[in-house]
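Working notes, beginning with the structure itself.
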Amino acid sequence: MHPALSVIFFTTLSGAGYGLLFWSALAALGGDTPARALLVATALALVLASAGLLASFSHLGKPLRAWRAFSQWRTSWLSREGVAAVLTYVPALAFAAALLPAMIGSRAQGGPVALDAAGTLAAAALMACALATVACTAMIYASLKPIPAWRHRLVLPGYLGFALLCGGLLLAAIATPAGTMPTRGMALGGIGLAALLGALKLHYWRAIDATPLPATRGDAIGLPRRTVTVFERPHTQSNYLTREMAFVVARTHAQRLRWLALLLFAVAPIACLFALGRSHAFAPGAWLWIAALAALAGAFVERWLFFAQARHLVTLYY
Amino acid sequence: MTALPPPSKVKLGLVIDLDTCVGCHACAVSCKEWNAGGIAGPLTDSDPYGKDPSGVWFNRVHSYELEATAGCGSGADAQPAQPAQTLHFPRSCLHCEQPACVTVCPTGASYKRAEDGIVLVDEDKCIGCKLCSWACPYGAREYSAVEGVMKKCTLCVDRIYNQHLDEAERQPACVQACPTRARHFGDLGDPESDISKLVAARGGVDLMPQLGYRPVNQYLPPRPRRAGDGEAVVEEDASSPVSPMRWLHRILKR
Amino acid sequence: MREPKLNTSPSPGDEVKTTTCYMCACRCGIKVWLSDGRIRYIQGNPAHPVNQGVLCAKGSAGIMQHYSPARLDKPLLRVGERGSGEFREIEWDEALQLATSWLAPIRERNPDELAFFTGRDQSQALTGWWAQQFGTINYAAHGGFCSVNMAAGGLYTLGGSFWEFGEPDWEHTRYLMLWGVAEDHDSNPIKLGLGKLKARGAKIVAVNPVRTGYGAIADEWIGIRPGTDGLFAFALIHELLRSDRIDLDYLVRYANAHWLVVRNPGGADDGLFARDADGNPLCFDRNAGAAVDANTIDVAPAVVGEATLADGRRAVPVFQLLAERYLDPRYSPDAVSERCGIPADTIRRIARELAQAAFDSNLVLPIAWTDSWGREHKEMIGRPVAMHAMRGISAHSNGFHTCRALHVLQLLLGAIDAPGSFRYQPPYPKPIPLPNRPGKARKPDGSLDAGPLGYVHGPEDLLVDADGKPRRIDHAFSWAYPLAAHGMMHTVLRNAWAGDPTKIDTLLMFMANMSWNSAMNTRETLHWLTDRDANGDYRIPRIIYSDAYASEMVAYADLVLPDTTYLERFDAISLLDRPISDADGVADAIRHPVLEAAAQAPGRDVRGFQSVLLELGARLGLPGMVHADGSPAYRDYADYIVRHERAPGLGLLAGWRGADGGQHGKGAPNPAQLDAYIANNGYWRQEIPEHARYYKMANRGYLEWARGFGFVASTAPIVLQLYSEPLQKFRLAAQGHGAVQPPPQHRQRVATYFDPLPIWHEPFEHDQTSRDAYPLNAVTQRPMFMYHAWGSQNAWLRQIATRNFLYLHPDTGARHGVADEDWIEVASHHGRITVQAKFAANVQPDTVWSWNAIGKRKRAWRLAQDAPESQQGFLLNHLISDVTPKGDYANADPVTGQAAWFDLRVSIRKASDAQAGPSAPQLPGLAFAEADERPLRYGARFRNAQHRSQAKPESPRRKKRP
Ligand SMILES: Nc1nc2c(c(=O)[nH]1)N[C@H]1C(S)=C(S)[C@@H](COP(=O)(O)OP(=O)(O)OC[C@H]3O[C@@H](n4cnc5c(=O)[nH]c(N)nc54)[C@H](O)[C@@H]3O)O[C@H]1N2
Ligand SMILES: Nc1nc2c(c(=O)[nH]1)N[C@H]1C(S)=C(S)[C@@H](COP(=O)(O)OP(=O)(O)OC[C@H]3O[C@@H](n4cnc5c(=O)[nH]c(N)nc54)[C@H](O)[C@@H]3O)O[C@H]1N2
Ligand code: SF4
Ligand code: SF4
Ligand code: SF4
Ligand code: SF4
Ligand code: SF4
Ligand SMILES: [Mo]
């Protein structure tokens, strides 16, 4: 599939944003993180999610009609995603509002958060909405039968994993001002998540490499018993289908990009988290920022590959 | 509109005879011509006289090579050995009964008509997200970047019911044009219709049935090639020369 | 949500007009829907006999042709160098004055200094007559480079031919053999017919080195080596003779199998038919034990055995000569198998299948008929084997004889105009050879004594001077190409440049892209067109050209006369030229303006070339084109179509003649004739009576019917010529007999190739080049969706093939170190091109091929500078020489002069990386403005008018001019 930058930006940025919202809400429920950090995180998350959504608009042929996309939530994952994305703003804003009391009158850091019942509800709803939005995004792809690589059962966990990893690292970075250290548990959790995600992607890649398309060119033209090669395409130049669906990336190039992605979203964060407290080259906050940005960059490369390496069945015809 | 209507009794569609199609592209161009000014027009062409001309086509004709096969199977299922073949294959929307292209549409622009099963795009609602084209395994959806909306075969809905046309001409443009008459149009929901009978007689097939889209359009596979029909031949002696004088005593009458 | 409300009954237009398509030469009936003066839609006309409602890809793209940005709008006068494409627009009056001032002195001085050659037009009934009235012998249309081998091979054998003058009996045939046909002129009728055969389960065999299109749906594909079909046909004949599966009764009834041929080696009568005192051919009647008039009935003719004539000479029947020749072991399947690339068993099987289909199908039509001799038959015996052949046979230097070989094969099966076989389309069959000989001398009024083209019956009819040198600029009807019945357009430019035989002054051309895809040796052709003599004058002094579009050829004209598009003018598709008849009826047709030219674009001022020709004729005062007072005899072409009489009562159109329109065939001019055609979907057709539809060559009913229309002068049976006496006459001349003899240098050639029975010889280029140096055959095929050069300006058609590839078998690639999609250098004895290769296994491995005429000159047709047509596309023509490798003759058939396009032999090798695109040669771009590059939103306005929509309004088209 043609890796459209707009869609890649959208899924990676908004994914990180929703991940960040999830963790922020969770942190607020946990009550240890200062309100200010959570507010900053929530604001950043909304910026990321909104930027992603805006990027996705540029993918549309008729962006001004985008509002229509909310109507078909009964059947369409894209519609559901839109609905979920917009819905998420409600608990997100409520959550931000719930954080405000802790900020008022307190010092620069903001006091620890103690959510009231409404705030708790908002946080819980925010967590659910954020994850639901990411899940909807994943399901847009995972529901497409013509693209077997996307139908894979690891696609949904993968999307959630990237959202959580990027969001988590971002929150950790934001919540770790100069001089302080994140908890050991958090670091270990980050390492675990990154490792898990790395393993998941490796497994996924191996799986899609090993699985041929579920149909042959013979099936595509209704002659399943024949071995079929292309003699002439309908048109000698490219067309929408060949540009959109018949994107090919060279194997070796893809392999290199896979290692790069893995390095960025798994190895680098793990290394950074290990380095925390052991290496003094950077402050702990800086290590976390490096980890977060690496993970985001890794997610970007991974997402590019997710498109570029997905073969659409229509390519059988070409 | 994205929810599918209950299955319609009438299932309008095309039957394409791959045994007869010579790959002339008439169906593709006549489709383009009618639909350019039709309900789904224009079928915009970008760079029309330049380096990379690329337009919207609802129907595209592919050409393939089939490798030779050894015969296999036995009894009713037997497949005769077949030589290598060239096959022309026109591809357009199959007006599936389970069209994911419709259900994925976030806006309701894509829909399947309750009345006759035709799958259409309402261009006034379409936001050009292209998701439906991803959801179609048959490559039947055509996005126009210039128009910003998705387009597709309309089964010539503005011809087949068109009161301005003679009754006999109320058929899709591609069917009317096809010079070998390899294309047929009709109600595949009615087992008694001419084209349903044709499908039954010729063993019409669904494309990629395993995907579950349940295409309405049917393709008639090429008939087995006949190079000698495998008949056993008693060769007479070809080595001894024959003289013209063998006809010396032939009585002929003018 | 509810479904949106649709308008499923939009108006398809406010007007529908019926006319005849001209996106190719097939002449289908179309219905043109107009909305607000623009074309909404063009569809096939179900009421038309040619296409019965279907429409091909080209026809469907007529909209884009009519609105092509390459359309010419005004007369153009060259301002730059010839070939640059720089012009100044002028008014018609200036253009016509100029043309008249060039032509008038020529007519005074020597009309032959005008060379008038036309291409893909269907106006030969007018253009040939015009040339005759002008008085030039130097006239021809495109047939010489197209398929004159088919025409001549057929007309000298059957009095009819393949090409578009006959058709398989689509309703009844059970076995169809297609020899070298990719598309042909009967584009839609053939496809309709193939569809019928398929539905009936008849067997289709395609003999073709490439398996595409029709070959793809054939039951059997015979991937023959190019140029060897004659051998294959002989092997089939050999088998049929050997197994005695032939229709001898048919052969003595309808053909000349029993005619006696004089055996007198060295004598002036050797090989001629033995005739009685009245000139009737003789046969040996076994009952009478004597030679009798071969045409009498109730005799028992011998088909073998030497007879002694009354005067003591000895003679043998044609059939014996035929059987002797083809029973020879060198024509056995085993002997030809290797050269043809067809297994001997396959040849034997095909022969058997042919015989089975012909003789064992027991097809009988219960139709009573009367033969030429008055005998009544209760039924028509069928021979349901049909053949169709085209340029795969004819575009070889052995094509004339191969075509005859196919006809002999058909005759042995009794499969000419029998139910289920090949059938004549009226006005064919005609007497053999056709009576009209080429015009040679000028009458006092300066006109020629007969039309410039015709059929020679013997050496005395040639257009040669006292020394035996050619008189015509194209050397047609000379000793080098005696039966060049369609002229030889492919030799004109070289000869005009060389002044061979003499210099010409003005070259007038119409609808032929002679500077590009219809030229052999394209590159040198451009040189001949632009070369100057010692005085700095162009060696071809003046070129006037009529085209409708900015083609490559336009750039080489001094004066360009812009024609209308096919939707803006009157045309007559006349029985005097190439009518639209079918085997069951005679038919002709017209085109008429469905759009007004001047309204199509601001400043557009174009005129139908036929009208222009008539006006030029009037200005020149040509006989028949002016009244006694010198005023024009015809207002325009429409007026000419209606009023002109070739002979009393005989005009361009056969329908609705007579003052009241009640006569058909012959009759006085009818002023309302065109209206009658327009009201009848643009055509006229008369069915042949049912009893007259088969055995037309000897069917009294048919011949009487045909005489009524003037197709034949008498109802005498037309005897099909297995053995061709006119050919023998040329051979005798070459052997030193007769008053007109070839000069020494042509003797051997004429003696060799004027064999009265079909022969097979290696195509010249195969023998005259090294088989090691040039191991591959290279041919082209017509793409079904494109018409020669003129499809690429079409925004829709060009998207199907914006460029071409050279296709080769993967094994061939491997043998030559070439990989799929490599750029390769292709060389012939004559030239070298660099192109991109593509693998496909559907080709005979010793053959490479490409689609014809996709490659374009840069900027021609107003395509963009970087259009793939010129950047990656290519012409094989750069490799095809216009002369044989030896350089002694045109690259053509030695009998008819037919251009031997498919004799081409090439070598291939992988190109260097530096050569990997663009294709080479790349010639400088023409100075034509590029077309508007903005997206084309054709139809938006119709849609908006009929359907609710938020679509953008259609953007006005920017138009550039040269
Ligand atoms: N390599 C190779 N070369 C071949 C052949 C091949 O098989 N292989 N085939 C040969 C054969 S059989 C043929 S017939 C020739 C065909 O070759 P051409 O006869 O040259 O055919 P076109 O290239 O279509 O050119 C016809 C010209 O007519 C112009 N034209 C189109 N419509 C109109 C009109 O309405 N009025 C006027 N006045 N002009 C118009 C077009 O613009 C174009 O310039 O090509 C020959 N060349
Ligand atoms: N769509 C379309 N239709 C056309 C035209 C067009 O340009 N486009 N042009 C028109 C004109 S002018 C003409 S003359 C006709 C020509 O009509 P066709 O004769 O059908 O035209 P070609 O494409 O030249 O076909 C030649 C065929 O012969 C095969 N061939 C080559 N060499 C040999 C051989 O030695 N033996 C055998 N058996 N086969 C061989 C080639 O592979 C090819 O399939 O088409 C007319 N119709
Ligand atoms: S062919 Fe494709 S576009 Fe047409 S109905 Fe089926 S899924 Fe939808
Ligand atoms: S492109 Fe248009 S029709 Fe297709 S899914 Fe998106 S909104 Fe629906
Ligand atoms: S049914 Fe109509 S829209 Fe569909 S492919 Fe045929 S012509 Fe085109
Ligand atoms: S028009 Fe008919 S024969 Fe031609 S490509 Fe289409 S289906 Fe095939
Ligand atoms: S075959 Fe096609 S282009 Fe030729 S006349 Fe018929 S419809 Fe027109
Ligand atoms: Mo031709």
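Residue by residue, here is whether (1) in a strand (DSSP E or B); (2) aliphatic (A, V, I, L, M); (3) open to solvent by 20 Å² or more (accessible area, probe 1.4 Å) holds:
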position	(1), (2), (3)
C:436	no, no, yes
C:446	no, no, no
C:451	no, no, yes
C:482	no, no, no
C:486	no, no, yes
C:493	no, yes, no
Which listed residue, of B:128, B:212, B:139, B:204, is surrounded by fewer than 20 Cβ atoms within 10 Å (Cβ to Cβ) and within 14 Å of chain A (Cβ to nearest Cβ): B:212
Selection from the range C:1-22 of residues that are in contact with a Ser or Thr (Cβ under 9 Å, 6 or more places away or on another chain), within 7 Å of another protein chain (Cβ to nearest Cβ) and surrounded by fewer than 17 Cβ atoms within 10 Å (Cβ to Cβ): C:1, C:11
Meets criteria (within 16 Å of ligand 2 (Cβ to nearest atom) and at pLDDT 95 or above) for residue B:95: no
Residue within the range A:86-99 that is open to solvent by 40 Å² or more (accessible area, probe 1.4 Å) and in contact with a Phe, Trp or Tyr (Cβ under 9 Å, 6 or more places away or on another chain) present: yes
Members of the range B:125-163 that are more than 15 Å from ligand 4 (Cβ to nearest atom) and touching a strand residue (DSSP E or B) at 6+ places or on another chain (Cβ under 8 Å): B:155, B:157, B:160
Selection from the range C:811-843 of residues that are within 14 Å of chain B (Cβ to nearest Cβ) and open to solvent by less than 10 Å² (accessible area, probe 1.4 Å): C:840, C:842, C:843
Answer residue from the range C:381-398, given it is open to solvent by less than 10 Å² (accessible area, probe 1.4 Å) and part of a helix (DSSP H, G or I) and is nearest to ligand 8 (Cβ to nearest atom) among those: C:394
Sole exception among (1) closer than 20 Å to residue C:570 by Cα; (2) away from ligand 7 (no atom under 16 Å from the Cβ) for residue C:120, by number: (2)
Qualifying position, being within 16 Å of ligand 2 (Cβ to nearest atom) and either closer than 20 Å to residue C:567 by Cα or of a type in the set (A, V, I, L, M) (or both), among C:47, C:104, C:25: C:25
Hits in the range C:792-810 (condition: open to solvent by less than 20 Å² (accessible area, probe 1.4 Å) and either at pLDDT below 95 or aromatic (Phe, Trp, Tyr) (or both)): C:796, C:807
The range B:160-189: number of residues that are at the interface with another protein chain (Cβ under 7 Å from one of its Cβ atoms), of a type in the set (Gly, Ala, Ser) and away from ligand 5 (no atom under 14 Å from the Cβ): 1
Verdict on residue B:146 being more than 7 Å from chain A (Cβ to nearest Cβ), open to solvent by less than 20 Å² (accessible area, probe 1.4 Å) and either under 18 Å from residue B:36 (Cα atoms) or part of a helix (DSSP H, G or I) (or both): no
Lone qualifier among B:44, B:86, B:107 - being within 21 Å of residue A:242 (Cα to Cα), open to solvent by less than 20 Å² (accessible area, probe 1.4 Å) and either within 11 Å of chain A (Cβ to nearest Cβ) or within 16 Å of ligand 5 (Cβ to nearest atom) (or both): B:44
Only one of C:906, C:895 that is away from every other protein chain (no Cβ under 14 Å), away from ligand 6 (no atom under 16 Å from the Cβ) and in a loop (DSSP other than H, G, I, E, B): C:895
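Table: residues versus (1) modelled with pLDDT of 95 or more; (2) open to solvent by less than 60 Å² (accessible area, probe 1.4 Å); (3) in contact with a Pro (Cβ under 8 Å, 6 or more places away or on another chain).
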position: C:245; (1), (2), (3): yes, no, no
position: C:248; (1), (2), (3): yes, yes, no
position: C:254; (1), (2), (3): yes, yes, yes
position: C:259; (1), (2), (3): yes, yes, yes
position: C:263; (1), (2), (3): yes, no, no
position: C:270; (1), (2), (3): yes, yes, no
position: C:275; (1), (2), (3): yes, no, yes
position: C:280; (1), (2), (3): yes, yes, no
position: C:289; (1), (2), (3): no, yes, no
Qualifying positions in the range C:42-59 - under 15 Å from residue B:168 (Cα atoms), out of contact with any Lys or Arg (no Cβ under 8 Å at 6 or more places or on another chain) and open to solvent by less than 10 Å² (accessible area, probe 1.4 Å): C:48, C:53
Candidate set from the range C:926-953 (those that are crowded, with 19+ Cβ neighbours inside 10 Å and more than 7 Å from every other protein chain (Cβ to nearest Cβ)); member that is modelled with the lowest pLDDT: C:946
Residue under evaluation residue C:782, criteria (1) open to solvent by 40 Å² or more (accessible area, probe 1.4 Å); (2) more than 16 Å from ligand 1 (Cβ to nearest atom), criterion not met: (2)
Residue satisfying all of: in the range C:69-82; within 14 Å of chain B (Cβ to nearest Cβ) and touching a helix residue (DSSP H, G or I) at 6+ places or on another chain (Cβ under 8 Å); farthest from ligand 7 (Cβ to nearest atom) among these: C:69
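Taking into account only those residues within the range C:43-64 that are of a type in the set (A, V, I, L, M) and at the interface with another protein chain (Cβ under 7 Å from one of its Cβ atoms), which is farthest from the chain's Cα centre (by Cα)?
If we take residues in the range C:43-64 being of a type in the set (A, V, I, L, M) and at the interface with another protein chain (Cβ under 7 Å from one of its Cβ atoms), then C:63 is farthest from the chain's Cα centre (by Cα).
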All positions within the range C:258-307 that are part of a strand (DSSP E or B) and closer than 18 Å to residue C:724 by Cβ: C:259, C:260, C:261, C:262, C:263, C:273, C:275, C:281, C:282, C:283
All positions within the range B:50-83 that are open to solvent by less than 10 Å² (accessible area, probe 1.4 Å) and assigned to a loop (DSSP other than H, G, I, E, B): B:50, B:53, B:56, B:57, B:58, B:59
Helices (runs of 4 or more DSSP H) within the range C:119-200 that include 2 or more residues within 16 Å of ligand 2 (Cβ to nearest atom): C:143-146, C:148-155, C:187-200
Residue within the range B:47-59 that is within 22 Å of the chain's Cα centre (by Cα), within 13 Å of ligand 3 (Cβ to nearest atom) and not aromatic (Phe, Trp, Tyr) present: yes
Residue check for residue A:7: in contact (Cβ under 8 Å) with a residue 40 or more places away in the chain, within 11 Å of another protein chain (Cβ to nearest Cβ) and β-branched (Val, Ile, Thr): yes
The listed residue being at pLDDT 95 or above, under 12 Å from the mean Cα position of the chain (by Cα) and closer than 30 Å to residue A:262 by Cβ, out of A:160, A:154, A:144: A:160
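The values are calculated or read from the model by the stated rules, or taken from the named source; none is laboratory data. Source: prediction; values computed, not measured. As a convention, Cβ positions derive from the backbone with ideal geometry for all residues, glycine included, and neighbour counts pool all protein chains shown. When the accessible area is computed, the model is the full protein with side chains, heavy atoms only, and any ligands, DNA or RNA have been set aside. Shrake-Rupley method; radii C 1.70, N 1.55, O 1.52, S 1.80 Å.
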